[in-house]
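Note sheet for the following structure.
The values are calculated or read from the model by the stated rules, or taken from the named source; none is laboratory data. These numbers come from a predicted model, not from an experiment. Cβ: placed from backbone, ideal geometry, glycine included. Neighbour counts: every protein chain shown. Just the protein is used for accessible areas: all its heavy atoms, side chains included, with ligands, DNA and RNA removed. Shrake-Rupley method; radii C 1.70, N 1.55, O 1.52, S 1.80 Å.
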Amino acid sequence: MKIGIQGWFLPQPMTGIGQHSRGLLTALLKNKTAEVTVVVPEPLKIPGLKASQIKIVRPKFWIPHPALRRWVWERIQVPAAFAEMDLDWQWYPYPCPLPKYSPHLRAVTVHDLILWHDPRYQGHFLKRFYYDEARRSLIRADQIFTVSESIHHELGIPTATVLPNAIPEIPRPLPRSQYPGALVYLGGFDVRKNVPLLVKTFQKFHKRHPDIHLILIGKAHSNSGLYPDVPDLPGLIKIGSVPDKNVYALLKESFAFVHFSDAEGFNIPLLQAMSVGAPAVVLNLPVNREVSGGHAFFVPPSHPEQLLDKLELLFNEKERKSHAEKLKQRAKDFSWDKSAKIFLKALK
């Protein structure tokens, strides 16, 4: 089976779509029934991906506005490149504007409906136009994937196939954590992640347990209103972006993974924490229950202060070990190899 992959996010492995694109691509490269070619906006190196499998299509830099430049790349340049290839399928790892007709079958992965439903992300009318165009393109897809059962239900397209996210193999050996026994947040800093609320709620816990710190892994991508300021407060340590091996070391030796995001398509950071046996306290969302198998500790979105009660339970060593082991076992249900088999079966 010959598959062309739209790879705008392949050079951006820190994004959720970038992780999805890279994870599935890496698994497909190991599957002998799949022949893949990626179209990317810039050169990149991925283990197992040959130079002959990469086609670089540079955005038209004479277009001054970056959003319009990307729209032209997605809507015109990539489909034109695919049309010149001998393919069975074109795969778009996220919804983007597509031309009405294609010489090949097309598949699209839907990660969430946030940009279509959440007014916080609507912004300028050009953004809304882009999001509407991307959503309308779903009717032009021959196969739709969703990254979770929760999003499959929310999308409401029965013929869609669930294509779960996973994580790469954990680097070994892991270094020692600089902050053992800390609470760890891993993820984005945009408005729906509610990092300022998490920090504010943590302050009450820190007054009870001043020896336990909160580590924030990640950073804001811009100074826009989508990325609220996170104040410097006692017990809070911001470390920005760090290598994967350090992320897993922090999670493995943490007191708990904490996450207050109010909307997720899959929650890869939760799966990362589960995979090394970190206890997890997250908001009570359907997707968090799905990914954790119901074994995380859940905080009602309307009562964030219940974080304190959940964390207090983790001082019971028996409760802590049982909780962490269930999460670690659940994490084994996800792998990119399994997802690649689902992907190829659906396309066949």
Checking residue 238 against (1) open to solvent by 50 Å² or more (accessible area, probe 1.4 Å); (2) without any contact (Cβ under 8 Å) to a residue 24 or more places away in the chain; (3) farther than 17 Å from residue 179 by Cβ, the condition it does not meet: (3)
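Suppose we filter 262, 337, 333 for residues that are under 28 Å from residue 160 (Cβ atoms), among the acidic types (Asp, Glu) and in contact with a strand residue (DSSP E or B) (Cβ under 8 Å, 6 or more places away or on another chain); which single one remains?
Working: 337 fails: in contact with a strand residue (DSSP E or B) (Cβ under 8 Å, 6 or more places away or on another chain); 333 fails: in contact with a strand residue (DSSP E or B) (Cβ under 8 Å, 6 or more places away or on another chain).
Selected residue: 262, the only one of 262, 337, 333 that is under 28 Å from residue 160 (Cβ atoms), among the acidic types (Asp, Glu) and in contact with a strand residue (DSSP E or B) (Cβ under 8 Å, 6 or more places away or on another chain).
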Residue match in segment 316-329 (condition: surrounded by 14 or more Cβ atoms within 10 Å (Cβ to Cβ) and touching a residue at least 60 places away in the same chain (Cβ under 8 Å)): no
Checked segment 269-307 for anything open to solvent by less than 10 Å² (accessible area, probe 1.4 Å) and either assigned to a helix (DSSP H, G or I) or aromatic (Phe, Trp, Tyr) (or both); matches are 270, 271, 273, 274, 287, 288, 291, 292, 307
Going through 182, 160 one at a time, which residue ends up being hydrophobic (A, V, I, L, M, F, W, C), modelled with pLDDT of 95 or more, surrounded by 17 or more Cβ atoms within 10 Å (Cβ to Cβ) and over 20 Å from residue 279 (Cα atoms)? 160
Taking segment 205-220 and keeping residues modelled with pLDDT of 95 or more, under 23 Å from residue 248 (Cβ atoms) and open to solvent by less than 50 Å² (accessible area, probe 1.4 Å) leaves 212, 214, 215, 216, 217
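Residues are listed down the side, and each one gets a yes or a no for (1) surrounded by fewer than 17 Cβ atoms within 10 Å (Cβ to Cβ); (2) charged (D, E, K, R); (3) within 30 Å of residue 69 (Cβ to Cβ):
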| residue | (1), (2), (3) |
| --- | --- |
| 118 | yes, yes, yes |
| 126 | yes, no, yes |
| 131 | no, no, yes |
| 138 | yes, no, yes |
| 147 | no, no, yes |
| 177 | no, no, no |
| 203 | yes, no, no |
| 222 | yes, no, yes |
| 225 | yes, no, yes |
Among residues belonging to segment 1-29 that are among the β-branched types (Val, Ile, Thr) and open to solvent by less than 10 Å² (accessible area, probe 1.4 Å), point out the one that is farthest from the chain's Cα centre (by Cα). 3
